[in-house]
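Engineer: Okay, handing you the structure first.
The values are calculated or read from the model by the stated rules, or taken from the named source; none is laboratory data. The shown structure was predicted, so the numbers you read here are calculated from the model rather than taken from an experiment. FYI the Cβ positions are ideal-geometry reconstructions off the backbone, even for glycines, and counts take in every protein chain you see.
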């Protein structure tokens, strides 16, 4: 009886899906890619809550929460050809606290050798409505990344506590997103993959990206928490921090 | 065993050909709806080609609009605060009401001609119509729900499974399709059959002498902000309302964070204004006469009050009007009432 079931099973599967794979020989070749986001402070792996860090404004800080949205992933070949990952499937929430969120898996990527990766931090509101962007709402909602009263996403959420030199400890809270149509804090970054990444047919490749959150405070701009520790809809500080955030990513060649 | 086998076979057929629509549910054909721009209207801001309204999408949007499942207590639907008889406002309610008797802080705005608006809500917090419902759905004092929660509830309803499948190519119950369906319903809500429209389109109607006088006064005293055939220039302005300490509503500042946007609110459309009382962002003024009295005598100076209301010496001037002029303006404003729209069965709950 068991055998009979199996045969039947096989038969049904065969018959009912006979039209699924036409012209198999002419099909383009696809591979997949896992991207690991490795959150760091300077050269060290980020450790939530317990580890204390220092910024260039002589403030020590601990981090209780780090979340950011990665979107609109594009892989670029040496000749400039771009492979744009389907926008609707291209929204990811990286949450330091959840290790599975830090590995994003892309499938059906055109085979080839890629030398650059481009992606967005946040959601590109200048091109609303983007196909599929609303399907990211439940994820963002569960993770507290929705500014519900402004119908928009928080692109980056970075929270913890800090102590200025000779001062007392207090909390900091940096929420970066766009401010209606007045201020668009969505940023795109392009990283050179110096070792190149090769996508082969039906093969999985890996890429690692370092995210150095120390750059949120100290990069193109310097941000002192004592000056401003609560940045939410802040038209002065949010763009300054967004600019810094766009510099915090780099390809981790050691694991590539 | 044979019986079990039968089930397995059935399941397999379902699973192995998941991509074939016909195997799921018998669904009805969908057909597209015509989105017609009234000849006296501007081009829509909503890109209709990206979400073309269909019969089933509209039907789904309407069902969602009137369904309390979109709220945490199962009672508060969109239509609860947006009642058609009053051009989709919350009749006589000063501020919107939410789940479990919660009170909002702002007056529910009318819903019509939304396909022609740039931004939504009193402070422009939603930059696209498809995103606007996120605000009332998730606000604790309004519908207090989550999209995850709504999707779960809808998936349990066979009629929704069917309607989503009929309305959208991917057949899925998800946030994108939910919001698109609501937009399809809302963009069809065009109010363009008032007496004013018929005059503007030379369809044979004429103003009375009182309305003509009101129209001319309106053009010189009000139309710089309540501009064009939509009766709004869609800007944000402080119109000299005193701060209500109960709400201390910072207005547009909440969206932009700019000090210059403190206490500014969107210039509302005046279409169907006769029906949408009470007035202002917090519903503080009961009648159109109260509104005009505010502009003539009740304005309060502040940092961000609109310069249009000021004298050259920077004292507040407001809009000088005699009582007779106010009556004439009100007569004109009543020509903006569109009875066809508020009685249009396509948009009615029942």
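Engineer: Can you pull out every residue in segment B:294-322 that is at negative phi and surrounded by fewer than 11 Cβ atoms within 10 Å (Cβ to Cβ)? I'd like the intermediate steps shown before the answer.
Structural biologist: Going through segment B:294-322, the residues at negative phi turn out to be B:294-313, B:315-317, B:319-322.
Residues satisfying the conditions are B:303, B:307, B:311, B:312, B:313, B:315, B:320, B:322.
Engineer: Has segment A:171-188 got at least one residue that is in contact (Cβ under 8 Å) with a residue 60 or more places away in the chain, surrounded by fewer than 16 Cβ atoms within 10 Å (Cβ to Cβ) and at positive phi?
Structural biologist: Among the residues of segment A:171-188, not one is in contact (Cβ under 8 Å) with a residue 60 or more places away in the chain, surrounded by fewer than 16 Cβ atoms within 10 Å (Cβ to Cβ) and at positive phi, which makes the answer no.
Engineer: Let me ask something else about it. Across segment B:258-280, which residue is farthest from the chain's Cα centre (by Cα) among those that are crowded, with 20+ Cβ neighbours inside 10 Å and within 14 Å of another protein chain (Cβ to nearest Cβ)?
Structural biologist: Step by step, filter segment B:258-280, then rank; the result is B:261.
Engineer: In a helix (DSSP H, G or I), modelled with pLDDT of 90 or more and touching a strand residue (DSSP E or B) at 6+ places or on another chain (Cβ under 6 Å): does that describe residue A:140?
Structural biologist: In short, yes.
Engineer: If you don't mind, there's one more thing I want to ask. Restricting the search to segment A:35-50, which residues are more than 17 Å from residue A:253 (Cα to Cα) and part of a strand (DSSP E or B)?
Structural biologist: Within segment A:35-50, A:41 is the sole residue that qualifies.
Engineer: Could I ask something else about it? Taking segment A:145-170 on its own, how many of its residues are touching a residue at least 40 places away in the same chain (Cβ under 8 Å), outside any strand (DSSP E or B) and within 14 Å of another protein chain (Cβ to nearest Cβ)?
Structural biologist: Number of matching residues: 2.
Engineer: Which residue is farthest from the chain's Cα centre (by Cα), if the candidates are limited to segment B:224-257 and must be without any contact (Cβ under 8 Å) to a residue 12 or more places away in the chain and away from chain A (no Cβ under 12 Å)?
Structural biologist: Among them, the one singled out is B:245.
Engineer: Exactly one condition in (1) surrounded by 19 or more Cβ atoms within 10 Å (Cβ to Cβ); (2) within 28 Å of residue B:110 (Cβ to Cβ); (3) more than 14 Å from chain A (Cβ to nearest Cβ); (4) touching a helix residue (DSSP H, G or I) at 6+ places or on another chain (Cβ under 6 Å) is not met by residue B:197; state its number.
Structural biologist: Failing condition for residue B:197: (4).
Engineer: Here are the criteria: (1) farther than 29 Å from residue B:236 by Cβ; (2) part of a loop (DSSP other than H, G, I, E, B); (3) at pLDDT below 95. Tell me which single one residue B:144 does not satisfy.
Structural biologist: (1)
Engineer: Let me ask something else. Return yes or no: is residue B:163 in a helix (DSSP H, G or I), more than 14 Å from chain A (Cβ to nearest Cβ) and farther than 19 Å from residue A:137 by Cβ?
Structural biologist: Yes; evaluated as a whole, the condition is true for this residue.
Engineer: Next up: Do you know which residues across segment B:265-304 are in a strand (DSSP E or B) and either under 22 Å from residue B:217 (Cβ atoms) or free of Cβ contacts under 8 Å to residues at least 60 places away in the same chain (or both)? Walk me through it before giving the result.
Structural biologist: Within segment B:265-304, the first condition is being in a strand (DSSP E or B), and the residues that meet it are B:265-266, B:279, B:285.
Of everything in segment B:265-304, those that are in a strand (DSSP E or B) and either under 22 Å from residue B:217 (Cβ atoms) or free of Cβ contacts under 8 Å to residues at least 60 places away in the same chain (or both) turn out to be B:279, B:285.
Engineer: Continuing with the same structure: What residue, among those in segment B:128-156 that are more than 7 Å from chain A (Cβ to nearest Cβ) and in contact with a strand residue (DSSP E or B) (Cβ under 8 Å, 6 or more places away or on another chain), is farthest from residue B:181 (Cα to Cα)?
Structural biologist: B:141
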